[in-house]
1. Can you pull out the residues in region 84-94 that are out of contact with any helix residue (DSSP H, G or I) (no Cβ under 9 Å at 6 or more places or on another chain), touching a residue at least 24 places away in the same chain (Cβ under 8 Å) and surrounded by 19 or more Cβ atoms within 10 Å (Cβ to Cβ)?
2. Is there any pair with a first residue in region 149-176 that is without any contact (Cβ under 8 Å) to a residue 40 or more places away in the chain and among the β-branched types (Val, Ile, Thr) and a second that is surrounded by 19 or more Cβ atoms within 10 Å (Cβ to Cβ) and not in a strand (DSSP E or B) whose Cβ atoms are under 7 Å apart and which are 6 or more apart or on different chains, and what are they?
3. Which fully enclosed strands (runs of 3 or more DSSP E) of region 95-176 have 3 or more residues being under 16 Å from the mean Cα position of the chain (by Cα)?
4. Of 156, 162, 97, which residue is of a type outside the set (A, V, I, L, M, F, W, C), closer than 22 Å to residue 23 by Cβ and at pLDDT 95 or above?
5. Tally up the residues in region 3-41 that are part of a helix (DSSP H, G or I) and surrounded by fewer than 16 Cβ atoms within 10 Å (Cβ to Cβ), please.
6. Looking only at region 143-157, how many residues end up being in contact with a Phe, Trp or Tyr (Cβ under 9 Å, 6 or more places away or on another chain) and surrounded by 13 or more Cβ atoms within 10 Å (Cβ to Cβ)?
7. Before we move on, is residue 62 closer than 23 Å to residue 101 by Cα and assigned to a helix (DSSP H, G or I)?
8. Select from region 91-130 the residues that are basic (Lys, Arg) and under 20 Å from residue 169 (Cα atoms) and list them in ascending order.
Amino acid sequence: MNVIRIEDTYTIKDIYELPDGERAELIDGKIYYMAPPGMEHQRLVHHFDREIGNYIQGRHGDCEMFPAPFAVFLSDNDRNYVEPDISVICDRNKITEKGCLGAPDWIVEIVSPGSRKMDYYKKLFKYRTAGVREYWVVDPGREVVTVYSFEQDNMEEYSFGENVPVGIYGDFWIRV
């Protein structure tokens, strides 16, 4: 008799049952634990938080920006839960007390040594298929910002120090 091993799959309930202080994301029912962010990571999150927040506030825009930890429920099933470093949501109907229900318009992820594969591969695919319009991978180790514009179906790379245009806005750029 052959025994078929079924891999454990987890749900958002399992994420909420993690011990206090433990952070993890859930992609297709698999839990990915998150290490605490380093100093450079936090500096970059703060930079994006300030730049994007100032832009939205100055334009009286309809979008809202949320830095991590902020829950994003990418699909209507209970097997996908992520906490992007920066989430920009323009459809306020997606925003609830629990987080964002559905895909944000723009996501920024800052690469940490332990998150490289996750940010460049798993999340890239997941964000694209979920309906995110624009996805930035900010890589301090390489000093590169990779911009994926899913609406335009293209990818561009920018070096730190260059002006990086924000595709969901016509008049906004950020220098990292």
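1. Taking region 84-94 first, the residues out of contact with any helix residue (DSSP H, G or I) (no Cβ under 9 Å at 6 or more places or on another chain) are 87, 89-94.
Add one more test, that the residue is touching a residue at least 24 places away in the same chain (Cβ under 8 Å), and what stays is 89-90, 92.
Within region 84-94, 89 is the sole residue that qualifies.
2. 164/176
3. Output list reads 106-110, 134-139, 144-149.
4. Details: 156 fails: closer than 22 Å to residue 23 by Cβ; 162 fails: closer than 22 Å to residue 23 by Cβ.
From the options 156, 162, 97, the qualifying one is 97.
5. In the first step, residues of region 3-41 are kept if they are part of a helix (DSSP H, G or I); the result is 12-16, 39-41.
The next check asks that each one be surrounded by fewer than 16 Cβ atoms within 10 Å (Cβ to Cβ); those that pass are 13, 16, 39-40.
Counting residues in region 3-41 that are part of a helix (DSSP H, G or I) and surrounded by fewer than 16 Cβ atoms within 10 Å (Cβ to Cβ) gives 4.
6. Filtering region 143-157 for residues in contact with a Phe, Trp or Tyr (Cβ under 9 Å, 6 or more places away or on another chain) gives 143-150, 154-156.
After this cut, where a residue has to be surrounded by 13 or more Cβ atoms within 10 Å (Cβ to Cβ) as well, the list is 144-150, 155-156.
Total meeting the criteria: 9.
7. Details: closer than 23 Å to residue 101 by Cα: yes; assigned to a helix (DSSP H, G or I): no.
When the stated conditions are applied, residue 62 does not pass them.
8. The first filter runs over region 91-130 and keeps only residues basic (Lys, Arg), leaving 92, 94, 98, 116-117, 122-123, 126, 128.
Matches in region 91-130: 92, 94, 128.
The values are calculated or read from the model by the stated rules, or taken from the named source; none is laboratory data. Worth saying up front: this structure is predicted, and the values here are computed from it rather than measured. Glycine gets a Cβ as well: all are built from the backbone with ideal geometry, and neighbour counts include every protein chain shown.
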